[in-house]
Amino acid sequence: MGSRDQLPTFPVGNHERFMEYALEQAQKSPPGDNKFCVGAVLVDADKGQVLSTGYSLEYPRDYNGDPGTTHAEQCCFIKIADANKLTEQEIYKVLPRNTVLYTTMEPCNERLSKNMTCATRIIRLKGAVNTVYVGIREPGTFIKNNDGQKRLEAHGIKVEYPVEHMKDRITEISLAGHPPSSQELL
């Protein structure tokens with residue numbers, strides 16, 4: 001699938017460890033008051049093998065002609081696509097049967113830039129990603145009511161929040177670069 005031999009394997013079902021790894025990715029995202037620092041990890045849930053990672057702004061703006069800034073989930077998909085010489089939309093062809101996504105923040109379902117949303121990117125993979133494990137809901141900082149979870153579930157994709165005890169840490173990292181008053185929005 002690409003360079004996954006460089007990526008770790010964790011115990012199957014260890015949501016905390018996969019989310020910690022996604023949080024490590026989020027910390028690589030440059031802080032800014034006009035964005036969130038999000039990390040994502042695509043996983044073969046049957047083997048506990050990390051397939052790909054991503055973080056906000058990992059790839060440059062307008063990567064491969066896709067307008068706008070890159071989100072964490074999108075970066076995960078780009079890596080699989082590039083490694084397999086596929087378009088991002090075609091990666092469902094090479095993903096393992098039980099692929100899941102861990103993301104520190106709920107996938108976006110609206111973007112102020114009008115770019116393709118992460119919810120759309122997940123849905124168009126034709127069920128290849130069957131569950132999304134989320135750290136926190138998207139704060140209403142930029143979009144009042146992100147309904148990414150609702151949209152994913154309407155398309156048969158499970159959305160779960162398995163690490164509620166990590167919410168404060170995830171929020172703090174997600175809002176890196178935001179003024180302290182942003183914390184109150186949660």
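Some observations on this one:
- Enumeration of residues in region 24-60 that are modelled with pLDDT of 95 or more, crowded, with 24+ Cβ neighbours inside 10 Å and either over 22 Å from residue 82 (Cα atoms) or more than 11 Å from the chain's Cα centre (by Cα) (or both): 29, 37, 43, 51
- Residues being polar (S, T, N, Q) and crowded, with 22+ Cβ neighbours inside 10 Å - total across region 71-103: 3
- Entirely in region 1-116, the strands (runs of 3 or more DSSP E) that have 1 or more residues that are more than 22 Å from residue 151 (Cβ to Cβ) and touching a residue at least 40 places away in the same chain (Cβ under 8 Å): 39-44, 49-55
- Tally, over region 117-127, of residues that are over 10 Å from the mean Cα position of the chain (by Cα) and farther than 21 Å from residue 144 by Cβ: 6
The values are calculated or read from the model by the stated rules, or taken from the named source; none is laboratory data. Since this is a predicted model, take the numbers as computed values, not measurements. Reconstructed Cβ throughout: ideal geometry from the backbone, glycine too, with neighbour counts over all protein chains shown.
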